[in-house]
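Enquirer: Quick one: structure below, then a few questions.
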Amino acid sequence: MAVIVRYTIKLFIIIMLLIVSISCNVKGGELQEYFVENSSKPEFISFDIATSIFDVSQTDFSEEEKEIYKSIKKLNILMLPSENGTYQEQKSKIKSILKGSDFEELMTLNSKEMNGKLYYIGEEDAIDEVIVFGYNNDKGFALVRLLADNLKPENIGTIVQIIQNSKMDDNSFMSLQKVFDFELN
């Protein structure tokens, strides 16, 4: 009888753990699913960039910049050219996902060349993920996720400077250049 009770308790604990893990909604999970579902489709251009691609060894960073750089885990990039038949549908899906309660809007960009928004997930003073969604209906869209560890919003500009000051192989971004027709500096 004691064996049956022990197994029943173990089974109950396992079931409760499964229910809790299934019911927990990971912030940004729907966006992560979108990346996973579409990154292997041939119509999408997709790549992940580890921070190691940015050669910062020859760059003189302040201690603050070093800490900011260390907080960056990686970048995920997903792009779709506008000539793809599902472009408008995919753009609408992304907009719908980003309107979810997980994402806080930081900035909006509207110009004749491009439209976009910058979002984040996390606390105001400890960002875990920065999302950039930019599109040009004549060229396509790009969805970028910067995964970080407790990044401060005021440090986002510093990240851009770190990337600009690093040395990287221009061939790494030929897909971006081809889709959005811009010059790499």
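Enquirer: Can you compute the label reach from E33? Point 7 Å from Cα along the Cβ direction, backbone N cut-off under 20 Å, restricted to the stretch 102-117.
Expert: 102-104
Enquirer: Right, next: Straight distance only, please: which aspartates and glutamates reach the Cα of K99 with their own Cα at less than 15 Å, same-chain residues fewer than 8 apart left out?
Expert: Of all the aspartates and glutamates, those that pass the test against K99 - Cα under 15 Å, at least 8 places apart if same chain - are E30.
Enquirer: Quick check on my link table: of K70/K91; K66/K95; K70/K112; K95/K152; K70/K93, which ones sit more than 29 Å apart, alpha carbon to alpha carbon?
Expert: Over 29 Å apart, Cα to Cα: K70/K91; K66/K95; K70/K112; K70/K93.
Each value in this text was obtained by applying a stated rule to the coordinates, not by laboratory testing. What you are looking at is a predicted structure, and each value in this text was computed from that prediction instead of being measured. We place every Cβ from the backbone using ideal geometry, glycine too, and count neighbours over all the protein chains shown.
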